[in-house]
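Encoded as structure tokens, the structure appears first; notes follow it.
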Amino acid sequence: MSANAQYVQDMLTELNEEDYMAAASFISYLRDKRKKERIKQGQKTLAEIQAMFADDKGWASEEEMLKDMADFRRERLGL
């Protein structure tokens with residue numbers, strides 16, 4: 001058993017039924033809060049990925065692609 005689990009176990013020995021209900025309610029609140037945070041983060045990541053694909057319009061020709069790549073390189077190099 002980990003040190004944290006042992007610490008919680010030791011605290012539980014002193015509680016009554018009402019305390020158990022309050023502790024369970026708080027743990028449920030924390031669990032739900034973390035779940036909402038994970039969902040929000042997942043939605044944010046999905047939106048970022050979808051934006052990458054939405055921005056990818058493709059090129060009409062190879063020449064257009066090469067010109068776009070050259071423009072990008074010049075911009076990155078500050079030319």
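The values are calculated or read from the model by the stated rules, or taken from the named source; none is laboratory data. Because the structure is a prediction, the values reported are computed rather than measured. For neighbour counting, all protein chains shown are included, and Cβ atoms are generated from backbone atoms with ideal geometry for every residue, glycine included.
Return yes or no: is ALA60 hydrophobic (A, V, I, L, M, F, W, C) and assigned to a helix (DSSP H, G or I)?
In short, no.
When you check ALA70 against the structure, is it more than 31 Å from the chain's Cα centre (by Cα), small (Gly, Ala, Ser) and surrounded by 10 or more Cβ atoms within 10 Å (Cβ to Cβ), yes or no?
When the stated conditions are applied, ALA70 passes them.
Do we find a residue being surrounded by 10 or more Cβ atoms within 10 Å (Cβ to Cβ) and modelled with pLDDT of 90 or more anywhere in region 55-64?
no
Is it the case, given these coordinates, that MET52 is aliphatic (A, V, I, L, M), at pLDDT 85 or above and part of a helix (DSSP H, G or I)?
In short, no.
When region 3-43 is examined, which residues are found to be surrounded by 10 or more Cβ atoms within 10 Å (Cβ to Cβ) and outside any helix (DSSP H, G or I)?
Passing the criteria: only LEU15.
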